Amino acid sequence: MKPEYSFVIPVFNRPDEVRELFQSMTTLEGSVVFEVILVEDGSVDTAGSVVQDFAKRLDIIYLIKPNTGPGDSRNYGMSRARGHYYIILDSDCTLPKKYLMTIDGYVKRHQPDFFGGPDAAHQDFSVLQRGIDFAMTSFITTGGIRGHKKQVVRFEPRSFNMGLSSKAFKASGGFAHIHPGEDPDLTHRLWHLGFESQLISGAFVYHKRRLSWSKYARQVYKFGLARPILNKWHPAGAKWIFWLPGLWLVASLITLVIGLLGYWSFFVILMAYYAAVFISAGVMTKSISVAINATFAVWIQLYVYAFGFLRAHFLVSVLRQNPQRALPELFFKTAINE
């Protein structure tokens, strides 16, 4: 029977994550027919044994290719998919039991061009993972742009939990070779082509994010680097909210200078925001430890992102350098074209 949905999952040296994701897929409720396309993106530590273990319980297509990045790997998988809709997931996600039923019900009612859902932290996650999750998903920290109901900009699905129709994929050509930033870039190109995005708020995934503080800082820094490039490519999507971390960084430096001159009253404003983050995280998670981690994660998120954003803006928008030459670390040089 032809599947209605094709899960497309790029993976790079993460067989344990794939096992957890596949296990969650075996518990999905409902009778919706789906296939799983796992794209091994140049891994040394492959998930071949995991695929064998789940071969009788899931309809799996296992693809192996050289390392060309997650965007190109998703395209590689979607070009071989049989479903009417493709659901893109990161390998560090797991699915709640009603995930596919929620998506299928929405799709049957609304027939969206492309869509996405939020991510959440499971109670079994570490305090570090739950703290980072709060920093990246809370309205008080990111304005709800990652898929929660309260949001201040047009919804941009993220590739850890994103779906698109086969028609939308064929029209757009899929993801570009920038990373990170490939998902908002695809969203803006789809909008330009006349396709509309939808938020399915009930279709959340548990996003494990196996990060240390150093890995988190590097990830956030690259997010900051990518945004001015996206603003240049898609000026209609260059919203004021993307400047907030940069403005916060500048305000913090000014406050520090003023404080060294003996005027610390402005410092209270900064501390009030971090106090609000701590209280909000504590109330939401009912954990002081998570609240402490969340506050530190927000501190990293604001300042490290801001540094990356301002650096890239200076190179790309002020000096008008070619993004691929100015910031080659964001681009994969090769791609699979078949």
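Throughout, read-outs are computed from the coordinates displayed, never taken from laboratory work. Given the structure is predicted, the values throughout are model-derived calculations rather than measurements. For neighbour counting, all protein chains shown are included, and Cβ atoms are generated from backbone atoms with ideal geometry for every residue, glycine included.
So between L261 and H110, what do we pick up on full extension, going 0.36 nm a residue minus the alpha carbon distance?
That pair, L261 and H110, stretches by 48.4 nm at full extension.
Any idea what the relative contact order of the chain is, in percent, if you count C-alpha pairs under 8 Å spaced at least 6 apart?
This gives 19 percent for the chain.
Measure out, as a whole number of angstrom, how far apart the alpha-carbon centroids of the stretch 150-220 and the stretch 17-43 sit.
The stretch 150-220 and the stretch 17-43 have Cα centres separated by 19 Å.
Decide, for the chain, between rounded, prolate and oblate: order the square roots of the alpha carbon gyration tensor eigenvalues as a ≥ b ≥ c, take rounded if a/c falls under 1.5, and otherwise choose prolate if a/b is larger than b/c, else oblate.
Prolate shape, in that a/c is at least 1.5 and a/b is the bigger ratio.
How far apart, in nm, are the 7 Å Cα→Cβ label points at R80 and R320?
4.4 nm
Just to confirm the number: angle between the C-alpha axis of helix 244-260 and the first principal axis of the chain, 0 to 90 degrees, nearest 10?
30 degrees
Helix 288-313 against the longest principal axis of the chain: what's the angle in degrees, Cα atoms only, rounded to the nearest 10?
90 degrees
Note the angle between two axes, namely the Cα long axis of helix 182-192 and the longest principal axis of the Cα atoms of the chain, as a number of degrees from 0 to 90, rounded to the nearest 10.
Its long axis makes an angle of about 80 degrees.
Mind listing the phi-derived Karplus ³J(HN,Hα) values for the stretch 76-83, rounded to whole Hz, using 6.51, -1.76 and 1.60 with θ = phi - 60°, and x for any glycine or proline?
4, x, 5, 5, 10, 7, 10, x
Quick one: grab the alpha carbon gyration tensor of the stretch 156-235, order the square roots of its eigenvalues as a ≥ b ≥ c, and give me rounded if a/c is under 1.5, else prolate or oblate depending on whether a/b is larger than b/c.
Because a/c hits 1.5 or more and a/b fails to exceed b/c, the stretch 156-235 counts as oblate.
Test of understanding: ordering V11, V33 by Cβ neighbours within 10 Å, fewest first, what list do you get?
Lowest to highest Cβ neighbour count: V33, V11.
Assuming R0 = 30 Å, can you tell me the calculated FRET efficiency for the pair L247 and T26, based on Cβ-Cβ distance, to the nearest 0.05?
E(calc), rounded to 0.05, equals 0.05.
Residue-wise, which Karplus ³J(HN,Hα) couplings in Hz belong to the stretch 116-128, taking 6.51 cos²θ - 1.76 cosθ + 1.60, θ = phi - 60°, and x for glycine or proline?
x, x, x, 10, 9, 9, 6, 4, 7, 5, 5, 5, 5
What does the extension gain come out to for N67 and F331, with contour length at 0.36 nm per residue minus their alpha carbon separation?
That pair, N67 and F331, stretches by 93.8 nm at full extension.
Using each residue's phi in the stretch 224-236, evaluate 6.51 cos²θ - 1.76 cosθ + 1.60 at θ = phi - 60° and report the 3J(HN,Hα) Karplus result to the nearest Hz, with x for Gly and Pro.
Along the stretch 224-236, the couplings run x, 4, 6, 4, x, 5, 5, 4, 6, 5, 10, x, 5 Hz.
Measure up K98/K208; K215/K239; K222/K333; K208/K286 against 22 Å on the Cα-Cα distance and list the ones that go over.
Long pairs (Cα-Cα over 22 Å): K215/K239.
What number comes out for the charge environment of Y221, summing +1 per Lys or Arg and -1 per Asp or Glu over other residues with Cβ under 15 Å away?
+4
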